[in-house]
Amino acid sequence: MSSDASSASSGDKSETSSVDIRGLSRTFDGRTVIDDLDLTIAKGEFVALLGHSGCGKSTLLRILAGLDDEISGEVIVPARRSAAFQSPRLMPWLRVWRNVVLGLPGRANRDRALATRYLAEVGIEERAGVWPKTLSGGEAQRVSLARALVREPELLLLDEPFGALDALTRVNAQRLVGELWQRHGCSILLVTHDVEEALLLADRVLVMDAGGIAHEVTVDLPRPRALGSPEFVSLRSRLLGWLGVHDASASETPLERISS
Amino acid sequence: MSVKEYAAPGAVPPKPTAQAAAPPDTRLTIRPARRARRIPRLPRAVRRAIGPVGLLVAWYLGSVTGVLPENVLASPVDVVRQAIELTSSGELPRAIAASGRRAATGFVIGAAIALALSLTAGLFRLGEDVVDASMGMFRAIPWVGLIPLFIVWFGIDETPKIALVALGVTYPLYFNIYGGIRSADSQLVEAARMLGLGRIALIRYVILPSALPGALVGLRYALSTAWLALVFGEQINADAGIGYLMSNAEQYFRTDVIVLCLAVYAILGLLCDFVVRLLSKRLLSWRASFDGDGA
């Protein structure tokens with residue numbers, strides 16, 4: 001992986017930033033999906049990446065994960081990073097706890113106590129001994145998060161991890177990710193197409209279009225954030241506008257709506 | 001029932017005069033399904049047994065009434081009598097042991113070859129190109145047709161019989177294990193790479209478990225093919241085994257012994273199938289319970 005090799009040579013930048021991308025391009029059979037992209041993610045920063053399907057946001061995440069190295073440009077990422085995807089991708093033939101510690105070096109990959117500790121952190125330690133097929137979608141996604149966290153990553157990559165969850169489960173999972181981020185202090189890149197999710201969780205929201213970062217907004221709202229606050233609503237309609245969606249409530253604040 | 005009925009079941013509701021305003025009497029009462037039956041239901045196992053038992057009875061009646069002459073098909077009573085006689089004389093157990101040994105030896109050899117080839121083809125690009133194309137070509141040859149060639153190569157002793165079983169076992173196992181390896185979920189493979197699994201760990205924790213369901217299906221096919229290959233193989237100058245019993249009986253038109261031998265082949269096949277089912281249930285317990293019986 002080119003990313004690992006280059007990370008050693010640029011120790012100066014890694015003092016403050018977790019991810020440094022310079023002039024990244026990725027082409028699939030002549031079709032440019034990522035075009036000369038620059039991006040820096042600070043240590044401990046929560047960045048959300050919005051965009052339409054096919055805008056290249058998942059490709060960017062896969063490159064950062066080291067799953068795609070047919071790239072040009074410079075990508076520097078922490079060596080310790082892990083990912084959770086839209087489908088939990090658990091090995092169905094391993095018990096839940098074995099899934100969590102699978103791939104850890106040495107004897108740690110049989111350390112049930114370690115697995116249980118992280119399962120407890122995502123709130124499902126009582127499911128440690130069952131087969132993954134018996135988990136609900138939300139539970140499986142929590143296991144997937146525990147599996148990502150057990151590696152104590154400096155960078156956590158989340159590719160629409162709540163996309164397949166029902167609305168109620170999603171709210172809980174989002175809150176959980178927010179808590180885990182504050183406790184672990186890792187950088188997070190969250191790929192999503194849910195504008196509210198991005199605004200609830202992230203320090204900075206990027207909108208990707210035509211293979212590059214088209215728009216960027218810093219979310220300076222105190223946490224926990226309320227969906228209805230005027231700042232939130234105006235940020236949401238701004239982002240929706242960038243995404244090409246006209247927000248019907250854009251012209252009025254929620255208070256006005258109630259009084260009318 | 002206390003629910004008021006607006007339309008008797010089966011009665012045609014009067015046609016609405018105007019489509020917009022449906023008359024109130026077009027409502028139906030949804031009744032609970034009638035569960036209690038006057039005739040108690042036969043248990044499923046009993047109902048399933050009716051067919052085979054009926055055939056046996058018909059066979060027996062046919063023999064008793066002379067519709068089925070003995071030189072066409074012996075009566076089931078004669079077959080059972082033969083079974084007892086040949087068992088007490090030790091002839092049948094010896095034959096089963098001899099055939100079982102052939103089947104087992106051939107199976108082990110065939111399974112080892114299939115495993116080696118499918119792993120080579122499944123795990124290495126070069127292996128796939130070399131092995132899979134060849135296996136596809138060889139599969140086009142009906143293995144039973146190789147008997148004359150095997151006699152020329154291996155003579156008429158045990159070797160051609162075992163070779164035939166091994167050959168019959170190799171194909172279903174190879175194609176199912178290879179297919180299983182190739183069907184490994186690319187998302188899981190990716191997740192495993194992301195988790196830092198090396199090549200060996202990837203094979204052990206991801207590739208081989210994904211191939212297991214297919215391998216077990218292949219195992220069932222392979223075992224039934226093994227017995228089939230044995231039936232063919234034992235037609236070659238056997239001096240022991242079930243096939244030997246059968247070809248002896250053929251000389252004297254002893255249809256009772258022939259039918260007995262066929263029954264023994266069938267029972268052995270069923271036993272093998274049962275063992276694989278048990279094995280599947282244990283090894284595939286991670287699957288959701290509704291398809292936990294393997295196949």
| So how many residues does region B:175-215 have that are touching a residue at least 24 places away in the same chain (Cβ under 8 Å), at the interface with chain A (Cβ under 9 Å from one of its Cβ atoms) and open to solvent by less than 30 Å² (accessible area, probe 1.4 Å)? | 1
| task | Evaluate region B:151-174: report whether one residue or more is touching a residue at least 60 places away in the same chain (Cβ under 8 Å), open to solvent by less than 20 Å² (accessible area, probe 1.4 Å) and under 30 Å from A:Asn99 (Cα atoms). | result | yes
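Residue-by-condition table, conditions (1) closer than 15 Å to A:Ala48 by Cβ; (2) at pLDDT 85 or above; (3) assigned to a strand (DSSP E or B); (4) not assigned by TED's automatic domain parsing to the domain that holds A:Gly54:
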position	(1), (2), (3), (4)
A:His215	yes, yes, yes, no
A:Leu221	yes, yes, no, no
A:Glu231	no, yes, no, yes
A:Leu240	yes, yes, no, yes
A:Ala250	no, no, no, yes
| For the subset of region B:216-227 comprising residues that are open to solvent by less than 20 Å² (accessible area, probe 1.4 Å) and either facing another protein chain (nearest Cβ under 10 Å) or out of contact with any Pro (no Cβ under 9 Å at 6 or more places or on another chain) (or both), which member is farthest from A:Ala79 (Cα to Cα)? | B:Ala226
| message | Let me confirm something: among A:Leu67, A:Leu90, which residue is more than 15 Å from the chain's Cα centre (by Cα), within 14 Å of another protein chain (Cβ to nearest Cβ), open to solvent by 10 Å² or more (accessible area, probe 1.4 Å) and without any contact (Cβ under 8 Å) to a residue 24 or more places away in the chain? | response | A:Leu67
| message | Give all pairs with beta carbons closer than 6 Å in which a residue from region B:252-278 that is part of a loop (DSSP other than H, G, I, E, B) meets a residue that is exposed (fewer than 13 other Cβ atoms within 10 Å of the Cβ) and at pLDDT below 90; count only pairs at least 6 apart in sequence or on separate chains. | response | B:Phe253/B:Asn71
| said: Could you check region A:146-155 and list, in sequence order, the residues that are within 18 Å of A:Glu45 (Cα to Cα) and either outside the structural domain of A:Arg95 (by TED's automatic domain parsing) or buried (at least 24 other Cβ atoms within 10 Å of the Cβ) (or both)? | reply: A:Ala148
| said: Just checking, does region B:123-138 include any residue being touching a strand residue (DSSP E or B) at 6+ places or on another chain (Cβ under 7 Å) and either within 30 Å of A:Val101 (Cα to Cα) or within 14 Å of another protein chain (Cβ to nearest Cβ) (or both)? | reply: no
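Specify the residue that is nearest to the chain's Cα centre (by Cα); the eligible residues are those in region A:160-191 that are of a type in the set (S, T, N, Q) and closer than 18 Å to A:Pro222 by Cα.
We begin by selecting, within region A:160-191, every residue of a type in the set (S, T, N, Q); these are A:169, A:172, A:174, A:182, A:187.
The next check asks that each one be closer than 18 Å to A:Pro222 by Cα; those that pass are A:174, A:182.
Working: A:Gln174: 11, A:Gln182: 14 Å.
Once the filter is applied, the top-ranked residue is A:Gln174.
The values are calculated or read from the model by the stated rules, or taken from the named source; none is laboratory data. Owing to the predicted nature of the structure, the values given are computational and were not obtained by experimental measurement. All Cβ positions, glycine included, derive from the backbone under ideal geometry; neighbour counts span all protein chains shown. What goes into the accessible areas is simple: the full protein's heavy atoms, side chains included, and nothing from ligands, DNA or RNA. Shrake-Rupley method; radii C 1.70, N 1.55, O 1.52, S 1.80 Å.
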